[in-house]
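Input: a single structure, listed below in structure tokens.
We did not get these values from a lab; they are worked out from the coordinates using the rules stated. The model shown is predicted, which means the values in this text are computed figures rather than measured ones. Heads up, the Cβs are rebuilt from the backbone with ideal geometry, glycines too, and the neighbour counts pull from every protein chain shown.
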Amino acid sequence: MKRLAIMILTLVVCAGTSALATPGIEFSPDAGTAGGWTYDGAGTLSFNQHVAVDAAMSSNADALVGALVYVPSLTVTGVPDGPYTLKPLGSSVLTVQSPDDGTLYLKATLSKGDLVPVGTIGAAYTSFTSDLTDVTVTNAGKALGSAALSAIVNSGTSTLDFELSLQGGSGTNYHSLTQMLAGGYVGGNGFSGAMSIPEPATIALLSLGSFALFRRRRA
């Protein structure tokens, strides 16, 4: 049985980054609320609504589903032939709260990051990747019964990986997100986002879980 527990852990760890990169919290705006992102043409990318959690630990039945994510506004700097840099404008606090916006489950500090090309079209800048630091799950979050929040607490980490995938708008003067930014045009469209536990902490969680399984088997 000891060999079986070790084999299970080895298979999971050796499955590669994709196995360890399962988003802990996934969120996107409701298309019916006319939400998403807006760009003012002068360097400010805004998210004008709280964004609903769609899934947690890849489940749409997790207790955190329906909670609201608040994403701070971002400033955009850089040039089209290199990644743009995005950083919070004013407050850098990102929060996850109850659907009625009355109970805080999680808060964190959003760091600056890069807006980089995704896919086969080199000019399509769509993915913003950054870190969340000072991550804190509140007592209300711990009591919620969410597998995602429990995994964050049990990982012992205060940092999460953060990613936004922006669907670039198009207008009469531009045809991609890059052209919009380079030309200083106004735009807007939808997006999706995710927060996940960094890989080393994920490996530690897997090791702890396998060790606990082995001890139970021996008992």
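Here are the numbers for the structure shown:
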| read-out | value |
| --- | --- |
| Model label zone, Ser73; criterion: amide N under 18 Å from point 7 Å along Cα-to-beta-carbon; scope the stretch 168-200 | 181, 184-189 |
| The stretch 41-92: chymotrypsin sites (Phe, Trp or Tyr not before Pro) in DSSP coil with no more than 10 other Cβ atoms inside 10 Å | none |
| Residues with amide H under 5 Å from that of Leu89, placed H, sequence gap 5 or more | Ser73, Leu74, Thr75 |
| Under 5 Å, built H, 5+ apart or other chain: amide partners of Gly78 | Thr85 |
